[in-house]
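For reference, the structure is listed below as structure tokens.
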Amino acid sequence: MAIPVKLEVFEGPLDLLLHLIDKNKVDIYDIPIVEITQQYMDYIRQMETEDMNVMSEFLVMAATLIDIKCRMLLPKEVNEDGEEEDPRAELVQKLLEYKMFKYMSFELRDRLVDAERNFYRGQRLPGEVSAYRQPVNYEELIGDMNLARLNEIFKGMLRRQEDKIDPIRSNYGNIEKDEVDMEERSLYVEAYARGHRLFSFRGLLEQQSGKMQIIVTFLVILELMKTGKITISQENIFDDILIESNMYECA
């Protein structure tokens, strides 16, 4: 019968490597990569997890350890300064950073635990103390202010407001949109033309109630003249324009 072995749970591959380094009591700057790699591989062979995200992290580190192990068997590379490069240097740097953050998390956790043991007494002030308000020195608050000074400030504000007003635009009235129905005007002028065989253009415009109606009526006259429904005539330049209706209907 096999004896069940319970494995410790580590937060990640770096956490496992730190555990193996502490367990073997080796110098983190001089990691025995062969021994540590063997122990690391033994651990992941015994891992029982179906989470591929977790397993992939440990397998990537295993591949990194094997790569470092292979590079250490080859002649050492030399950098630009002529110094031999240690294949373990990058891994050592990551382990040191992880160890620092891990210990910082322990420190924060301890502080959180200690903070839960602290209790604070609520504020208890006598009523006369809590109701106290510092008196206001109105003479100091007003200073050199007086009615004459306040009047000068007020007039200055009025002048600034007047300077913002455009002297030209301020005299403009409100522009209101005069709604005129083009179709309704066309029907009106055509009905007028059917009832008058000959009529004055000026007289027709004088019957309109506004500038917009005059403009629209003029446009309708142009359209009727274009379609041949009316004929325009004028004897002299400044004489009234006469409109002869081709739609005239005798009563």
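Length gained on full extension, Glu206 to Asp240: 11.0 nm, using 0.36 nm per residue less the C-alpha separation. The modelled label-to-label distance for the pair Gln38/Asp114, using points 7 Å beyond Cα in the direction of Cβ, is 4.4 nm. What distance in nm separates the two pseudo spin-label positions at Leu59 and Ser233, each 7 Å out from Cα along the beta-carbon direction? So the two model labels end up 10.5 nm from each other.
Can you list which of the trypsin sites (Lys or Arg not before Pro) found in segment 68-115 are DSSP loop residues with at most 16 other C-beta atoms within 10 Å? Those that pass, being in a loop and sparsely packed, are Lys76.
We did not get these values from a lab; they are worked out from the coordinates using the rules stated. Being a predicted model, the structure only gives us computed values, none of them experimental. When we count neighbours, we look across all protein chains shown, and the Cβ atoms used for this are built from the backbone with ideal geometry, even at glycine.
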